[in-house]
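In what follows, a single structure is set out as structure tokens and then discussed.
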Amino acid sequence: GYKITKFLNHARVCNPNDQNDVQKCMNRLRQFHEMHLSVDHDFDIFGQINFYENLWNGEPSIYRDYQKTKDNVLSLKSYIDAHIAEKVLTHIDAVPDNFLFVTDDQGHEDIRLIDWEYAGMQDPHVDIAMFAIYSLYNKEQIDELIGMYFTEGCNKETRFKIYCYIAAGGLLWSNWCEYKRNLGVDFGEYSLRQYRYAKDYYKIFMEETNEGR
């Protein structure tokens, strides 16, 4: 389809490797979440994992350990559900490319969130995880990102929950990439890294919560 919208002059997207940019984005994201906006639909991460898998039309995953990885990720749902404090309108695709830094003629900078295709009611902390995995951050960078959002400090339960969202988000977008691959579109390293997030952050969660003992 076609989309017609207003063109914004002097606009650029967030640089995920610029800490100043990222801090501004996390401040803006938190401001948005704290508006406590509400809509009449939600975004079900685990439901969407199955949705994209169903679009494979019976084709097997390219990953031999896919079912084990999926079972591991699904097992995180109980922890997530037990640690959701609230659900608000959440962007879901709050990745660096969807934060526009717009400067007006007077030099005033405004940050706008665009691309609301996936938005729905969810735990707002999902947006932190999505920003991280799209940026292909390592664990040190992810922990720094969490600190930028929670300037007052983040408790360990919330941090572990975000790790769960990273695992679930990784599998979600990996499944989306496999669907696209079946259509002839290969996302290369991005696809592989999303699947690795699913595997690695399940393991990190299990190790750091001692659930794997």
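The values are calculated or read from the model by the stated rules, or taken from the named source; none is laboratory data. Please read all numbers here as calculations on a predicted model, not as lab measurements. So basically every Cβ, Gly included, is an ideal-geometry build from the backbone, and we count neighbours across all protein chains shown. For the accessible areas, the whole protein counts, side chains as well, though only heavy atoms, and no ligand, DNA or RNA atoms are used. Shrake-Rupley method; radii C 1.70, N 1.55, O 1.52, S 1.80 Å.
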Item to check | Evaluation of H41 against (1) modelled with pLDDT of 95 or more; (2) surrounded by 11 or more Cβ atoms within 10 Å (Cβ to Cβ) (one fails), failing number | outcome: (2)
Next on the checklist: Looking at the stretch 116-130, can you tell me whether even one residue there is open to solvent by less than 10 Å² (accessible area, probe 1.4 Å), under 18 Å from N20 (Cα atoms) and either at pLDDT 95 or above or not in a helix (DSSP H, G or I) (or both)?
Outcome noted: yes
Next on the checklist: Exactly one condition in (1) under 15 Å from N98 (Cα atoms); (2) in a loop (DSSP other than H, G, I, E, B) is false for K24; which is it?
Outcome noted: (2)
Checklist entry - Out of the stretch 131-143, which residues are in a helix (DSSP H, G or I), in contact (Cβ under 8 Å) with a residue 12 or more places away in the chain and surrounded by fewer than 23 Cβ atoms within 10 Å (Cβ to Cβ)? => result Y134, K139, D143
Next on the checklist: So, in the stretch 84-99, how many residues would count as being closer than 26 Å to Y202 by Cβ and surrounded by fewer than 16 Cβ atoms within 10 Å (Cβ to Cβ)?
Outcome noted: 3
Checklist outcome for this item: Note: among V73, V102, V13, just one is surrounded by fewer than 16 Cβ atoms within 10 Å (Cβ to Cβ), among the aliphatic types (A, V, I, L, M) and in contact with a Phe, Trp or Tyr (Cβ under 8 Å, 6 or more places away or on another chain), namely V13
Item to check | Lone unmet requirement of (1) exposed (fewer than 15 other Cβ atoms within 10 Å of the Cβ); (2) farther than 24 Å from L29 by Cβ for K199 | outcome: (1)
Checklist outcome for this item: Filtering the stretch 49-84 down to residues that are among the basic types (K, R) and either outside any helix (DSSP H, G or I) or free of Cβ contacts under 8 Å to residues at least 24 places away in the same chain (or both) yields R64, K68
